[in-house]
Amino acid sequence: MTTPSEQRYAFGFAAGTPYGHAVDLLRLRQGDHHSEVILDLGCGFGAIAEPVEDLGFSYVGIDVEGAGVESLRSRGMEAHVVDLADPAALGHVINDLVGPRRVFAITMLDFLEHVPSPRALLASLEECFPKGGTHELPLIVLSVPNVGHYDIAAKLLLGIWDVSATGLLDETHLSWFTSGRLTSLMSEAGYQEVSRKDFSLAASDQAFPWDLASLASTTPLSSLLRRIRREADEFGWVNQFVRVYERGAGSAPPQGEQDPPSHVEPFLSVIMRTQGRRRQMLGEALLCLMAQTDDDFEVILCVHTDDSPVTAEVKSQVSQFPSSFAARVNVIEVSGGSRGAPLNAGLKSANGRYVAFLDDDDLVTANWVEAFHRRAATNPGQVLRSVTGTQTITAAARGEYLVTGRVDFPYPSKFDPVRHLYSNSTPICSIAIPMVAIRANGAWFDESLAVLEDWDFLMRVSNTCGVSDTWEATSIYHLWAPGQASSAAEPEALWMTCRDAVHARLNDMVLLLPRGSASSIAQLVEDGTSSERLHALDMEVARLRGETAQQYAEIAWLRKHGLRGLMRDAVHALRQRFRTARSS
Amino acid sequence: MVSLRIQFVLFETDPARFVTVVETAAESARLAIDTGVIGSAALAIGDCSPSPSLDSQGIASAEGAAAPLDCAYTFFDANLGSGGGSNELWRARREDSDLLLILNPDTMCSPTLIAELAGFMLQDPSIGIADARQIPMEHPKAFDPTTLDVSWASGACMMLRREAFEAVGLFAAEYFPLYCDDVDLSWRIRLQGYRCVHVPTAVVHHDKRPNLSGRPTASDLEQYWAALGGLLMATRWGRQDLAEDLEISLQKSDDAIQTRALADFLEMRRDGTLPESLPGGERVAEFMSGNYAEHRF
C-alpha cells in the first residue's frame, strides 16, 4: 500500500500532456529503432512505460522511491530502485542494470529539477557514454517545469511565493529553469536541441487566487503585465519544457534564449541605415561618428539594397577612413523589407548596452555619444533623449545638397508622453535605448509599417522604460525641400493609414505615464473644455448679432415710416379681411 | 608632382584627441597621393601654448599617426596667435610646397577632403585660396553655385597656393592674431587678382555645437574679436563709415567684452598702430549686415 506522500507523483499518461508530448517526440525520432532501451530516470510510477513499450522500445525505469518501482514491476515492467544522488549510481545503472543493451533515449521527465546538481548529472552521462565507446550517447528527452510562467511572476511581483506539493513550485524542487537557462545548461554540457514540444497552460497550478489584481484577466495591471511578458519571449504560458537533445557541438543558444550577459561591450551600438545612393551624405554621417569625443561605440551600417555591388562600394567607402574607426564599422547587407528591416537587422547584430540610430542624411555633434553616456550613468534603464535641430536642405549642382536654412529647434527639449500619443516629435537620431529593454520586451521595429515605424517603436519601448532627457542639442535632422526626400515618395494616404495603425496599437495598450502626467492630461481636458465653451460662446454671439441686426432693421423702418406707416398697414390689413369675408 | 604642406597651430590642445586629428589629415593626404591628385605631403605642428601640449610620447604618437608622411613639431614658447603661428611654420619649412593646407586642431578631415580641395584648385591657376564645407554646423556664407566663388575662406580649413600666400605677405598677424585673419587674407589674395572658392564636396568636421538658439556657442574670445575685428576690418578695407557706426554702437554697449574691444581699438588709434586702408580694398571687401559675405541663412 502506498502512502499519500508516495502517491503524489502517481500521474497517469494521456495524450496532450507533458508525458504525451514526450512520447510524441520519441515517436518522431524513432525511425528504424526498435527494441532498444528507453531509460527513464526518476520514473516515478512510469507514466510513459506502456506507451513506450507500444512503440516497440524496451522500457527501464529508475527511481529512488520504491512505490513507483513496485507499481511498474506489478505491470510487468523493468524497474529498479537506485538513488541517483550517489555519484557512482549512474554508472551502476548503465553498466550493470542496462548492461550491453543499446539505449536509444534517456528520459528525464520532471526529474532534472529535483537533482542537486543538474550539471554534474549531465557530466556523469558523458562519462558513461564516452565518445568512440561501445554505445553512442543516446538522445536525452527532458520535461522540466517553467519557472518563467506568467502566473509565478505575476504573484512574485506582489510578494507571493506559493510552494506546493507538486507542480511548478513543488516543495522538493532544487533547481528552477527558464527556457534560456535550460538551453544554456544543455549547451554548456555539449548537447544541442533537435526538437521540442513544449506544453502550455493559460492557467497553471499557480493561478490562484483568481481575484489577485495581477492574475485577474480584466484588471489594467494584469493587461499591462501580460503584454510585457508576451513581448519578452514566447514562453510566458509554457508550463513544461519538453525537448529532445543529442550530443552536438555545443553551439551558442538561439538568439533571444541567452541569459543577459553580465557585461556587454561597448556602451553604444549605432545603427545606421543607407540605401547607398547618397554617398557624400553617408560619408559626412560617418565623419561625425569618427569625430565623437566618446569612442565607446560600434557602428552597424545596414545597406538596404538588393544590389551587392552597392554594398561593396559602401564597404570601400568605409575602408577609406582611418583604421582606428573603420575597424569599428560593421557593414551588413539587408535585402527586401520595409524601412524597419535594416533597423531590425542592426538590432540583431548589436553588441552595445544601448543602441542609437543615425540615418545617412543626418548629422550629429561631437558630443552625441558622450551626452547619452553621461545620462545613462544617472538614469539607467531608461530611453535617453537628446535635442534634435532641423535644417532645410535642397538638391545642389555641386555635391548632393545645399543647406538653405539655419538650425531650428521645433521639437520640445522635454519628452511629453501624452502629446506623443497624438504625434511624434522625437526624430530617431534623438534617442538611445537600453538593449536589455529591447531584448526583454521583444521590442522590434514593425516591418508592416511603411512609415512611422520609429514612432511606433519609441512608444512601445518608452511605455515601460520611460524617457530621460539629456537637454543637450546633439543632432541635426535634415529637412529636404518639398518633393526631394525619399519619404516624400509615400502618398499622404499611406501616412494616414500608418498613423491610424499606430494609434490603434496605442489604444490597445495599457499606458504607463510618468509623474506629472495627471496635470498634463487635466490641462489638456481643460484646454479642450475651454475650446468647447469658446465655440458655444461664438455661436451665441453670432445668434445675438443676428437678432440685433434684425432689431436695427425694424427700428430703421419705423423711423423712416413713423406711426402713420403702422396705422396705414393696419387699415390695409382690415380692408383685406373685410373683402375676404364679403366674398365668402 | 604637386607637394602639399599641412599645418596645425595648437593652443592648450588635448593631446589624445589631436592624435586622431593628425590621423585623419594624414589619411586624407595619403588618399590624395594614391589617387594622383598630389605627389607628396608633410605635416607641421606649431604650439603656442604656455607649456607644450604634446610631450615626447604625444609627439611620437602624432608622428606615428602621420607615418609614413613627415611630421614635425615645434614648441614656440610664445603665443603667436593662429595667423602668426601659421606664418612662423611656413617660414621655417625646409621643403618647397606648392599647396598649403591650414587646419584647426579641432577639425577632422573626411577621407576625400584633400583630393577634393586640391583637385579643384589645381584645375585653375587663378584660384589662390579655397575652403571646405564644415559639418555639422555649416557656415552660412553664400557662394556662386556654378563658379564656387566666395567672399572669403574659413581658416578652420583653408588651402592656399604658395604663390598667392607669399604674394600678399602671409597672414597679417600683427593686426589679426585670432579671427578675421582669414577674411583679411582672403580679400588680400583676391585683391592680388586670385579667386577665392568654396568647395562643397570637400568636407571637414569642425567641432562646433549649437545651443538651443541654433547658433554655435560663441566664446568670450570670439565675441571680443567679433567687435575689435569688425573695427579693424572696416578701417583697413575702406569702410570708415562702418567703423564709425560700429564705434558708436560699442560706446553704447554695456557688455564688458565689447567695451574692452572698443577700448583696445581706441588705444591703437592713439598709438598710431591701426592698419592703413588698403588701396582698392573696396573692390573686394563685402560688408553685409555685420558679416563679411552675403549669408544664405
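Read-outs: derived from the displayed coordinates by stated rules, not from any lab. Nothing here was measured: the structure is a model prediction, and the numbers come from that model. We place every Cβ from the backbone using ideal geometry, glycine too, and count neighbours over all the protein chains shown.
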- Output for segment A:100-162 (equivalent-ellipsoid semi-axes, sqrt of 5λ from the C-alpha gyration tensor, Å, descending) is 35, 12, 8
- Query: Which FRET efficiency value, to the nearest 0.05, do you get for A:L221 and A:E540 by plugging their Cβ-Cβ distance into 1/(1 + (r/R0)^6) with R0 = 45 Å?
  - Reply: 0.50
- Message: Using DSSP to call loops (not H, G, I, E or B), can you name the GluC sites (Glu not before Pro) in segment A:112-210 whose Cβ has at most 10 other Cβ atoms within 10 angstrom?
- Response: A:E171
- Can you give the Rg to Rh ratio of segment A:356-469, both from alpha-carbon atoms, with Rh computed by the Kirkwood formula? 0.99
- Item | Quarter of Cα convex hull surface for segment A:527-584, i.e. mean projection, nm² | 6.7
- With a cut-off of 17 Å, note down the residues of segment B:78-122 whose backbone N falls inside the zone around a label point 7 Å from the Cα of B:S3 toward its beta carbon. B:89-102
- Grab the alpha carbons of segment A:361-425, take their convex hull, and tell me the volume per residue in Å³. 119
- Cα gyration tensor of segment B:1-82 - equivalent ellipsoid semi-axes, whole Å, descending: 24, 13, 9
- Quick one: give the max-minus-min coordinate of the C-alpha atoms of segment A:475-540 along each principal axis, largest first, in Å. 45, 37, 28
- When the distances between all Cα atoms of segment B:73-168 are binned every 5 Å from zero, what whole-number percent does each bin get? 2, 10, 22, 24, 21, 13, 6, 2, 0
- Item | Separation of the A:L524 and A:L174 label points, Cα + 7 Å toward Cβ, nm | 5.5
- segment B:209-265, Cα convex hull volume normalised per residue, Å³: 96
- Rg [Å, one decimal], Dmax [Å, integer] - segment A:29-169, C-alpha atoms: 16.7, 54
- Please work out how much length the chain gains when fully extended from A:R577 to A:S423, using 0.36 nm per residue of separation minus the C-alpha to C-alpha distance, in nm with one decimal. 48.5 nm
- Once the other residues with Cβ under 15 Å from the Cβ of A:N330 are scored (Lys, Arg +1; Asp, Glu -1), what is the net sum? +1
- Task: Determine, from the Cβ-Cβ distance of B:D264 and A:A397 and an R0 of 60 Å, the FRET efficiency 1/(1 + (r/R0)^6), rounded to the nearest 0.05.
- Result: 0.85
- If amide H atoms are modeled at 1.01 Å from N in the peptide plane, then the residues at a separation of 5 or more from A:S58, or on another chain, having amide H under 5 Å from its own are A:S35, A:E36, A:V37, A:I38
- Item | trypsin sites (Lys or Arg not before Pro) within segment A:418-499, DSSP loop, no more than 16 other Cβ atoms inside 10 Å | none
- Item | Largest-first principal axis extents, alpha carbons of segment A:280-340, Å | 35, 23, 19
- Message: Using DSSP to call loops (not H, G, I, E or B), can you name the trypsin sites (Lys or Arg not before Pro) in segment A:508-584 whose Cβ has at most 10 other Cβ atoms within 10 angstrom?
- Response: A:R515
- Task: Enter the mean number of other protein chain beta carbons within 10 Å of the beta carbon of each residue in A:396-408, as an integer.
- Result: 6
- Query: Taking the inverse of the average 1/r across all pairs of different Cα atoms in segment B:1-155, what Kirkwood radius in Å do you get?
  - Reply: 16.1
- Task: Have a look at the DSSP beta bridges in the protein assembly as shown and tell me what percent are antiparallel, nearest 5.
- Result: 35
- Message: Tell me the Kirkwood radius of segment B:81-232: reciprocal of the mean inverse pair distance over distinct alpha-carbon atoms, in Å.
- Response: 15.8
- Query: Just the C-alpha atoms of chain B: what Rg/Rh do they give, with Rh taken as the Kirkwood radius?
  - Reply: 0.96
- Item | Amide H partners (placed H, <5 Å) of A:Q275, local residues excluded | A:H304
- Query: Within 10 Å of each Cβ of A:355-363, how many other protein chain Cβ atoms are there on average?
  - Reply: 1
- Rounded to whole angstrom, the alpha-carbon centroid of segment A:347-377 lies from that of segment B:1-20 at a distance of 28
- Message: If packing is taken as the average number of other Cβ atoms within 10 Å across a peptide's residues, how do A:269-278, A:50-59 rank, most packed first?
- Response: A:269-278, A:50-59
- Task: Could you pull out the pairs from A:K348/B:K208; A:K315/A:K348; A:K414/B:K208 whose alpha carbons sit more than 28 Å apart here?
- Result: A:K348/B:K208
- Note on the structure: Mean Cβ-within-10 Å packing, highest first, puts peptides B:226-237, B:94-105 in the order B:226-237, B:94-105
- Query: Residue-wise, which Karplus ³J(HN,Hα) couplings in Hz belong to segment A:504-512, taking 6.51 cos²θ - 1.76 cosθ + 1.60, θ = phi - 60°, and x for glycine or proline?
  - Reply: 4, 5, 4, 5, 8, 9, 8, 9, 9
- Between Rg and the Kirkwood Rh of segment A:114-216, both from Cα atoms, what is the Rg to Rh ratio? 1.07
- 0 to 90° range, to nearest 10: angle between helix A:220-232 axis and chain A longest Cα axis: 60
- Note on the structure: Taking placed amide H atoms and a strict 5 Å upper bound, the residues 5 or more places from B:K208 or on another chain that come that close are B:M137
- Query: Relative to the longest principal axis of chain A, what angle (0 to 90°, nearest 10) does the C-alpha long axis of helix A:453-465 take?
  - Reply: 70
- Message: With n ≥ 4 as the cut-off for DSSP H runs, can you work out [θ] at 222 nm for the protein assembly as shown, using -39500 (n - 2.57) per run divided by the number of residues, rounded to the nearest 500?
- Response: -12500 deg cm²/dmol
- Here segment B:50-63 yields Karplus 3J(HN,Hα) values (6.51, -1.76, 1.60; θ = phi - 60°; whole Hz; Gly and Pro given as x) of x, 9, x, 5, 10, 7, 4, 5, x, 5, 4, 5, 5, 4
- nm² value of the averaged projected area, convex hull over the Cα atoms of segment A:414-498: 6.5
- List the aspartates and glutamates whose alpha-carbon lies under 18 Å from that of A:K131, not counting same-chain residues fewer than 8 positions away? A:E188, A:E246
- Volume per residue, Å³, of the convex hull around the alpha-carbon atoms of segment A:440-564? 275
- Task: Multiply the residue separation of B:F75 and B:S51 by 0.36 nm, subtract the distance between their alpha-carbon atoms, and state the gained length in nm to one decimal.
- Result: 7.8 nm
- Placing each pseudo-label 7 Å from Cα in the direction of the beta carbon, A:S319 and A:D306 end up separated by a distance in nanometres of 2.7
- Item | Acute angle (nearest 10 degrees) that the helix A:18-30 long axis makes with the longest principal axis of chain A, alpha-carbon atoms | 70
- Semi-axes of the equivalent ellipsoid for the protein assembly as shown, Cα gyration tensor, largest first, Å: 70, 50, 23
- What's the average, rounded to a whole number, of partner chain beta-carbon atoms within 10 Å of each residue's beta-carbon in A:318-330? 3
- Note on the structure: Residue span A:T497 to A:R277: 0.36 nm per residue of separation minus Cα-Cα distance leaves a gain in nm of 76.4 nm
